[in-house]
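First up is the structure itself, then whatever we jot down about it.
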Amino acid sequence: RRQQEADHTCMKRFVLAAGAAVGPSTAGALQSPPVARREPHSVKFGYVESENRGANPMRPCKTLVDNYFWLRDDKREAPEVLDLLKAENEFCESQTAHLGDLRKVLYNELLSHVRADDETVPYDYGPYCYSSKTVKGKAYREYWRNGEKYLDVNEVAKDMRKPSMCDVCSVSPSPRGSEIAYCVDDSGYETYDIKFLPPRTTKDDESRTHPAISGNVSGSVCWRDESRLLYATHDEAHRPYRVYQRDLRSGEDSLLFEDLDDLFNVNCWRDVDGTVFVESSSKETTEVYFMKEDDDKLELVKKREPGVEYVVASRGQKLYVVANGDGHDNRALYVASKDAPGDWRLLLPSSDERSLSEVHATKDFVVLTGREGGYTRVWVSVDGETAFDLVPSIFGGGSSADDEDDDDDDEGKNQAYEVVLSS
């Protein structure tokens, strides 16, 4: 009760402090909002001949009239649409101008709870130690390797058309660190270009770089080795549906995977032991493939089955799979051989009291994350077959495996496992 009274007093003080800013005065404000013109356009829902409308479209097709269909502008270039948005923003600003002081109060209050100078936990990958940090007074993140700043997004933003909208993601060093790729977008539409940093293995390499990969890149990328990079692209509906492989030696691209089902999105990633995976997933169904070393063929883990979701981790010649199915909502843990990836052997059955979410595997242990007793939990097994012991006092979520072995030829050998706690 005392805490409630204190909160109430604090709120009254806040309202009084901001009271002068929340008055209803709109002197000088625009009184009439802009109105978009109406232009009837017929939109068909259900089956349409010669169009892909899914596996079971509605029949017969129904037609509705959308008077504002003309406002759709995926490229954000139509002058009439941009003028209307500008007019709407101006009307909004004029109607809320009296709230300017309150905005500042709220912004400063939120900012006071944000740590401006922050750094991620350093992690070893190959022969290097990586981290990233935010710096007070700078808008974007910096990326560091062995104490050297190798990518400053603040500098990247300076060359963008819209520096205030610079979005950099998937900063990805190659396994041995000779190449670094990153995705960048300044449109706000999450359509990326892949750019490469000059290699820094020798002084002669510093003047050499690779041409950017431009187009409908989704932001999902991973290295297969020091010269081959996998990346996903969008279709016309902005759905990630293809995975390509770029060979940096020849500059050529090859199509590895394509999913034409509109309900599924594709992505790719590299596991701790170096195995490359390609996943196609919908809201409730998953299908995963993996690549064997020096073989461009994708191996199917298990064919998609409606309502069955699964995640996979690689450990040498074994695949660990967390999946639902068999009439259970909660997931169970299975293991399979890469020679027979669809033949799953049960390790931990599903349970009404325990919900498994992810599995991570290294040479030294297998880690499960999930929930039990209302809390996020982590279980660890050394042999990957028995004794999945609960790690005590873990109430947060998220995880990533960190390679702490200095021998970069022994990929997948880990001594530490990072658990990220957040609020």
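Once you list every other residue whose beta carbon is under 14 Å from the beta carbon of residue 65, what net charge do they have if Lys and Arg are +1 and Asp and Glu are -1? Net charge around residue 65: +1.
Restricting the trypsin sites (Lys or Arg not before Pro) of the stretch 227-309 to loop positions (DSSP other than H, G, I, E, B) with no more than 10 neighbouring Cβ atoms within 10 Å leaves 249, 283, 297, 303. Partner lysines whose Cα lies under 29 Å from the Cα of residue 149, excluding those fewer than 8 positions away in the same chain, are identified as 133, 136, 138, 158, 162, 195, 203, 413. Distance between the pseudo-spin-label points of residue 146 and residue 386 (7 Å out from Cα toward the beta carbon): 4.4 nm. A Förster radius of 30 Å, combined with the Cβ-Cβ distance separating residue 154 from residue 253, puts the computed FRET efficiency at roughly 0.45.
Inverting the mean 1/r over all pairs of different Cα atoms, compute the Kirkwood radius of the stretch 160-257 and quote it in Å.
13.9 Å is the Kirkwood radius here.
Per the Debye formula on identical point scatterers at the alpha carbon atoms of the stretch 300-355, with no solvent, log10 I(q)/I(0) at q = 0.25, 0.30 Å⁻¹ is -1.01, -1.30.
Here the stretch 240-356 yields Rg over Rh of 1.00, to two decimals, using C-alpha coordinates and the Kirkwood radius. Rolling a 1.4 Å probe over the protein heavy atoms of the stretch 207-282, with every protein chain left in place, gives an accessible area that is 46 percent carbon and sulfur.
Which FRET efficiency value, to the nearest 0.05, is calculated for residue 103 and residue 82 with the Förster distance at 30 angstrom and r the Cβ-Cβ distance?
Result of the calculation: an efficiency of 0.75.
Is the stretch 213-279 best put as rounded, prolate or oblate by its Cα gyration tensor, with a ≥ b ≥ c the root eigenvalues, rounded for a/c under 1.5, and otherwise prolate when a/b is larger than b/c, oblate when not? Taking the square roots of the gyration eigenvalues as a ≥ b ≥ c, the stretch 213-279 is oblate. Extension gain for residue 43 to residue 164 (0.36 nm times residue separation, less C-alpha to C-alpha distance): 39.9 nm.
Under 5 Å between amide hydrogens, built in the peptide plane, is the criterion, and for residue 324 it picks out 309, 332 among residues at least 5 positions away or on other chains.
Each semi-axis of the equivalent ellipsoid for the stretch 55-178 is √(5λ) with λ an eigenvalue of the Cα gyration tensor; in descending order they amount to 40, 28, 16 Å.
The values are calculated or read from the model by the stated rules, or taken from the named source; none is laboratory data. It should be emphasised that the depicted structure is a prediction, and the values quoted were computed from it without experimental measurement. Note that we place each Cβ from the backbone using ideal geometry, even for glycine, and neighbour counts take in every protein chain shown. Accessible surface is based on the protein model in full, side chains and every heavy atom, while ligands, DNA and RNA are left aside. Shrake-Rupley method; radii C 1.70, N 1.55, O 1.52, S 1.80 Å.
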